[in-house]
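The structure under discussion appears below in the form of structure tokens.
Nothing in this text is a laboratory measurement; each read-out follows from the coordinates by a stated rule. Keep in mind that this is a model prediction, so the values were computed, not measured. Cβ: placed from backbone, ideal geometry, glycine included. Neighbour counts: every protein chain shown.
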Amino acid sequence: MNRGRFITLEGIEGAGKTTAATFVLRWLREQGVAALATREPGGTPLAERIRQIALERGGEAVSPVTETLLMFAARALHVQNVILPALARGEWVICDRFTDATRAYQGSGRGVDPRLLDTLATAVHPELEPDCTLLFDLPAAAGLARARGRSGSNADRFEAETVSFFEKARAGYLALAKAEPNRFRVVDALAPLAEVERAVSAALSGLVHKETVA
Ligand code: Z5A
């Protein structure tokens, strides 16, 4: 049996990843591809508990390195208990954020040393990289306006961040996409939903086709 494909969805707050994940799952199933959708931080019962700790606002100070370790602790559980078993069963995994998010947020946003991020990524998922990463790109102010319309005064630790923090994360994402143009597909997240969906299915159809003729 062929290993499934690992597709990650990335972008700053309010970029439309969650909306796209639902579309991708439905579209892949229409193509006859078995797939599951999951998210980070989270995706397993224990990792979801780590998510709550990582996103909780107020209380004890959480340093950038601590935040990084929480993301990778949740990721280690997720990779071992959900992602690798699904890929081994031949299913495609659609993951709302993965290690690129840590590089963009903790690396570019908070200034964590990229060598530490490389070391942790190698330890946590030594042989796993996304087959395709869809980067939903839009200006930070537009993403925040979408997300804040939804969360109001219940903003979590990230939602409460400044526009300039999200602009740093956005620039980090765009630099990653530039460095790995074969893996990344940058999608204009300001476009109307129907256009976003067309771009997403076009980006994935090559991979689906390879699968069905293999
Ligand atoms: N984080 C981190 O720092 N390091 C890490 O390693 C990881 C995560 C893995 C939680 O992530 C936080 O964890 C995250 C970074 C940090 N915080 N931030 N930012 P999350 O992915 O769970 O949270 P999120 O990014 O805040 O998700 P979100 O706000 O739900 O954004 P989204 O999923 O990209 O957007 P959406 O929910 O699909 O869409 C937002 C709204 O826009 C919604 O009303 C849609 O109907 C609307 N929308 C979507 N697409 C369109 C288009 N094309 N046009 C118009 N309106 C649209």
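Of note:
- Rounded to 10°, Cα long-axis angle of helix 114-124 versus longest principal axis of the chain: 50
- When the Cα positions of Val62, Ala121, Thr18 are compared along the charge dipole of the chain, Thr18 comes out farthest toward the positive end, with charges on each C-beta of Lys, Arg, Asp and Glu.
- Under the combined filter of DSSP loop state and at most 11 neighbouring Cβ atoms within 10 Å, region 11-107 retains these GluC sites (Glu not before Pro): Glu60.
- Helix 45-55 and the long axis of the chain differ in direction by around 40°, with both axes built from C-alpha atoms.
- In the elastic network of the chain, a GNM with C-alpha springs shorter than 10 Å, the most mobile of Arg146, Arg26, Arg198 is Arg198.
- The charge dipole of the chain, taken about its Cα centre with unit charges on the Cβ of Lys, Arg, Asp and Glu (plus for the first two, minus for the last two), comes to roughly 200 debye.
- 222 nm mean residue ellipticity, helices alone, for the chain (DSSP H n ≥ 4; -39,500 (n - 2.57); rounded to 500): -16000 deg cm²/dmol
- Between helix 17-30 and the chain: long-axis angle, C-alpha atoms, 0 to 90°, nearest 10: 10
- Here the label points at Leu193 and Ser164, each 7 Å from Cα along the C-beta direction, are separated by 3.5 nm in the simple model.
- Among 199-209, 102-112, the order from most to least packed when residues are scored by Cβ within 10 Å on average: 102-112, 199-209
- Residues whose amide H comes within less than 5 Å of that of Val187, counting only those at least five positions distant or on another chain, are Leu135, Phe136, Asp137 (H built at 1.01 Å from N in the peptide plane).
- Equivalent-ellipsoid semi-axes of the chain, from the Cα gyration tensor, Å, largest first: 26, 21, 16
- The distance between label points at Val65 and Glu48 comes to 3.2 nm (points 7 Å beyond Cα on the Cα→Cβ vector).
- Annotation: lysines with alpha-carbon distance below 25 angstrom to Lys210 (same-chain offsets under eight excluded): Lys17, Lys178.
- A Förster distance of 45 Å, applied to the separation of the beta-carbon atoms of Ala145 and Ser205, puts the FRET efficiency at 0.90.
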